[in-house]
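What follows is a set of notes on a single structure, which appears directly below.
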Amino acid sequence: MLYICIPAFNEAPTIGVLLWRIRRTLEEFAREYELLVYNDGSTDQTDEVLTSYSQVLPLSVLGGKERTGYARAVEALLRSAAQRTRYARRDAIVVLQADFTDLPEGLPELIRRFEGGADIVTTARTPNPLTPAPERRLRRLAPWLLKPFVSIEGVKDPCSTLRLYRVAVVRDSLKAAGSRALTDAEGWAANVDFLLETLPYARRVETVEIAPRYDIRSRTSRIRPLAAALDLYRHARRVRQRKDRPSAPTIAPA
């Protein structure tokens, strides 16, 4: 089973088309799949779109009217998939964005890496002249902010949004965390935390280069580069001081 997990906040213009393109992309695989979307308190027509698509796709909608934020939404999706699985070693979770910057056409390569034995497949975005200025600035700053405090050998982009996890890896990280949330951060810093929490339970990690698309996104970037950079720096410092997280293994470049 493949659990395709998508956090969504006010993504009515794209979420329906995205779900349909995921369906078409996954038709070439024999694996069953389930779409899990967390509606994070959307105030547009996202809920109505999801309701209509749930009648024709293997789609479950989590969340509701209350806004919890990106990190809480992703963690809820991870927990839901870990609870649903029957074969944790054979099933996988894919997390991607609802605004089309993470293209469904990138899923086959992640799935092939997983079927080849990878426990986590991360992505690294290739340079793109259409990258919005706020994201471009933050991507320039992020490596310098993280390097002194967070070192993950073999992972090119610890802030990446498009990822695949073997369900057993997520389940083990949730078990180790107990009642503690996997992250107390938001945005890109939360993505770093999700990776750090799951790495200790992964035997093999690979990275896939992807080419993001920004020309089909219907809204402007929500990134505030200076505020996000400051949050990333502060969180990276706290990560280094933590004592409750198991150490991650050394990862050879893929």
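Here is how the numbers come out for the structure above:
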| quantity | calculated |
| --- | --- |
| Residue in the range 68-79 that is of a type in the set (S, T, N, Q), closer than 24 Å to A185 by Cα and surrounded by 22 or more Cβ atoms within 10 Å (Cβ to Cβ) present | no |
| Residue in the range 91-105 that is touching a Gly at 6+ places or on another chain (Cβ under 7 Å), crowded, with 19+ Cβ neighbours inside 10 Å and of a type outside the set (D, E, K, R) present | no |
| Lone unmet requirement of (1) modelled with pLDDT under 95; (2) in contact with a strand residue (DSSP E or B) (Cβ under 7 Å, 6 or more places away or on another chain) for D119 | (1) |
| Some residue of the range 211-221 being at pLDDT below 75, touching a Ser or Thr at 6+ places or on another chain (Cβ under 6 Å) and surrounded by 20 or more Cβ atoms within 10 Å (Cβ to Cβ) | yes |
| Tally of residues being touching a strand residue (DSSP E or B) at 6+ places or on another chain (Cβ under 9 Å) and in contact (Cβ under 8 Å) with a residue 12 or more places away in the chain across the range 48-63 | 9 |
| Those residues of the range 80-90 which are closer than 23 Å to V155 by Cβ and touching a Leu at 6+ places or on another chain (Cβ under 7 Å), in sequence order | A81, A82 |
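The values are calculated or read from the model by the stated rules, or taken from the named source; none is laboratory data. A quick note: this is a predicted structure, and the numbers were derived from the prediction, not measured. Heads up, the Cβs are rebuilt from the backbone with ideal geometry, glycines too, and the neighbour counts pull from every protein chain shown.
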